[in-house]
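The values are calculated or read from the model by the stated rules, or taken from the named source; none is laboratory data. Note that this is a predicted model, so its numbers are computed, not measured. Note: ideal-geometry Cβ built from the backbone for every residue, glycine included; neighbour counts use all protein chains shown. Keep in mind that these areas ignore ligands, DNA and RNA; they rest on the heavy atoms of the full protein, side chains included. Shrake-Rupley method; radii C 1.70, N 1.55, O 1.52, S 1.80 Å.
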Amino acid sequence: MHPEGHTNSQPGGAASQSLAALLRRYRRAGGLTQEELADSSGLSARAIADIERGRTSRPYRSSVRALADALNLSDDERELLIRASKPRGADPRPTPRSGATADAAPNAEPGTVIPRQLPPVVAHFVGRRDEIDTLNNLRASHPGTTVVICAIAGTAGVGKTALALHWAHQVADRFGDGQLYVNLRGYDPGRAVTTADALAGFLRALGVPGQEIPAGADERAARYRSMLASARMLIVLDNAADEQQVRPLLPASPASLVLVTSRRQLNGLAAADGAHLVSLDVLSQTEAVQMLTARLGAARAAAEPAAMADLADLCARLPLALAVAAARAAARPRFPLAALAAELADTAGPLDALEDDDPATSMRAVFSWSTRQLSEESARMFRLLGLHPGPDVAIAAAASLVGCTRQQARQMLRELARAHLITEHVRGRYAFHELLRAYAADQARALDSQDDRDAAIGRVLDHYLHTAARAALLLDPSKEPTVLAPPRLGAAAEQPADYAQAMAWFEAEHQVLLAAVTLCAGNESDTYAWQLAWAMTNFLFIRGHWQERAAIQCTALAAATRLGNAAAQALCGRLLANACTNVGDHARASRHYATSLKLYQQLGNRLGEAKVQHSLGLLADTEGRYEAALDHSEQSLRLFQAVGDKRSEANMLNNVGWYHGLLGDYERARVFCQRSLALYAITGDRWVARDVWDSLGYAEHHLGNLAEAAACYQRALTLNRETGDRFGEADILAHLGDTLYAAGDKAQARQAWQHALDILDDLRHPNADEVRDKLARATSRSDTAR
């Protein structure tokens, strides 16, 4: 595009120009207006104007690449433009052309990640040429001043998700800042994803730690829009219920594109938000036959063209129904297709949940026809899976649901997957399509007695509760004991063996357990509701899901209150107060602590009293009231000693020592910490021992025993590395750095601080700034001394 004279690599030429001047020069040389460059690059005209006026000096690197591509720059010109977009002193390495991927967003805030959340494309995709052309023309016809929104509407099973993902994968490389995806489950009764939960998931995908996610949906939406303000992001919002579920998830960036799928025509989104509407109908007869042919093979299709046409008609040319029918036909390769078509025709009408004029009038026929071909055991598994509370199910849980062995459950699930009735979306975990779930539940109500259905739900809840309880005690051996009813016959809990396995199980079952708590609370199963919430609390705390923790503890306390179970009310109230402390609602925490303490006292439960006093000490510590924290800790210590809880006694001796240290009494701090350490020989609790050595290091440091303090911190580090607690390691390293610096070992101090900073930055923990300041001051003093 440019003559030789425009490639200026001489000193004082283009290489020394600002980004604004360079972009303006290249654009004018190409004979383009800002609007024309916006159309060809995918950026907005406003964004280009801001760069040329110097208002935006550090655009996203993906935006610079898009401009370079649109201007058809030579390699030298491209490199000059990219260099001009970097701050002085930035890495001068060449940047790949558009389509290259990376783990961190270039020129964004440090640590920003690039999400790649698109699920895999659907196999055997056919047709939809007109719709794909419409999607391809969206950006070309868009004015470039607002976000591009396209809403794909159509009946259930018509292939909305398949189309959205097929096209999204084709254009993903045009969105250098990543792709976000969420299944909003808008038509999944009782399981729709709330706006707040969807935003929390997106923020986590964008690198925001769980504990930093705002509590309210409005605050989350504001944080989300801020993070995407100038991003080139592709966002797929799948299975939306209505406009209200979608709007808070729309970014403001004109360089982003949003794909929405819904069973409803989202006219309000078009009127108020400028969305492009695409109505997706069933496949044409030719496309439906093509889809069957792709799955059954050309030879078999050519041998029975009339039967292929009949199958397409009987499936209402609905992609989901076609896939199920083709799976059954493929499983019987020697069975005539005409006979299969006759079987399909000899069945009942559509699912009750569908309207009479819905194009999927034979969905029930397809599903019932397919399930009749299952073994009796697998058909029962299919029906009972419709009653399962979570979004997916693992093999062990499915075994408890039907009351069989895991090997038998695995075989049944594989049979269902082969028939395309369920999908193994993650290894060992199976999920339903919404219509199939509804059909399965409908069949369970029709064919299984109420007693059988109740027993199945009871078995799977026993599986989750007893596994969760075991895993919870592995995370916190001092957890307040709770008596569980024995599991039903046929329910088998999993047996996590250690901390890592317990965490892995909670990670996998996180959403299922939350759904189970909600199901139980609304289904007169209040004992399960509060006990599942009790079991989950440590995991949710460790992972920073503090809002979820507070929400399910509210549910738990309400369930315990309905039961009139005072002991459960005291426990759930204390755990809710802990959650309120984590989210900063200290007044509410104080109220629940007071109620819980009163209940424990009425019950004569001194262990519960001790735990409340411990928690009140932590609340006072959080508020900087160290004398109050010491008083509560001393009360807690006496109570733990009275009930003979040695592990908690050791923990509280350390807390008492720590607060003496914070109040400046380092001698007493050392005495209490040494007493705590002596109990380690009895309890063997490495977590407590780690904390004690850290506290002793703090006391010795302030007593002037710097060498002894450093040795204490080293022992704490050794114990911590056995626990795998990364934040604990960073905290101790920061303390060690303080001691080394005070001792004059500046180089080792900076090394310890740097190691701590690396961990804290990786965790995105706010303490990183404090350590970074220490490093900066130490480096500045070192430079001054030199």
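Look at the alpha carbon pairs under 8 Å that are at least 6 residues apart: their mean separation over the length of the chain gives a relative contact order of 6 percent.
Charges were assigned to the Cβ only: +1 to each Lys and Arg, -1 to each Asp and Glu. The resulting dipole of the chain about its Cα centre is roughly 980 debye. Rounded to the nearest 20, the size of the Cβ-charge dipole of segment 632-707 about its Cα centre is 160 debye, with Lys and Arg at +1 and Asp and Glu at -1. For segment 419-496, the residue among A485, Y439, H466 whose Cα projects farthest onto the positive side of the dipole built from Cβ charges is H466.
Kindly provide the helix-only [θ] at 222 nm of the chain, computed as the sum of -39,500 (n - 2.57) over DSSP H runs of four or more divided by all residues, to the nearest 500 deg cm²/dmol? Don't skip to the answer; put the middle values down first.
On the way: 37 runs with 487 residues, N = 786.
Only helices count here, giving -19500 deg cm²/dmol.
Bridges between two residues of the chain, per DSSP, are antiparallel at a rate of about 20%.
If you work out volume of the Cα convex hull per residue in Å³ from the coordinates, which of (i) 191; (ii) 170; (iii) 238 do you get? Among (i) 191; (ii) 170; (iii) 238, the one calculated here is (i). A 1.4 Å probe run over segment 568-709, with the rest of the protein chains in place, finds 41 Å² accessible per residue. Using the Cβ of L706 as centre and a radius below 11 Å, the other residues enclosed give a net charge of -4, where K and R count +1 and D and E count -1. Measuring between their Cα centroids, segment 395-453 and segment 509-574 lie 26 Å from each other.
The Cβ shell under 13 Å around V122 holds other residues with a net charge of +2, Lys and Arg each +1, Asp and Glu each -1.
What does the charge add up to near G617, with Lys and Arg as +1, Asp and Glu as -1, over the other residues with Cβ less than 15 Å from its Cβ?
Local charge sum for G617: -4.
Partners of K479 within straight-line reach, counting aspartates and glutamates whose Cα lies under 12 Å from its Cα and excluding those fewer than 8 residues away in the same chain: D645. In summary, the aspartates and glutamates within cross-link reach of K598, defined as a Cα separation below 13 angstrom excluding same-chain residues under 8 places away, comprise E609. Would you work out what percent of the accessible area of the chain, with all protein chains in place, is carbon or sulfur (probe 1.4 Å)? For the chain, the apolar C and S fraction of the accessible surface comes to 49 percent.
Bridgeable lysines around K746 (alpha carbons under 30 Å apart, same-chain partners fewer than 8 residues away excluded): K774. Each of C572, A560, Y626 was placed along the dipole of segment 557-633 (beta-carbon charges, centred on the mean Cα), and the one lying farthest toward the positive end is A560.
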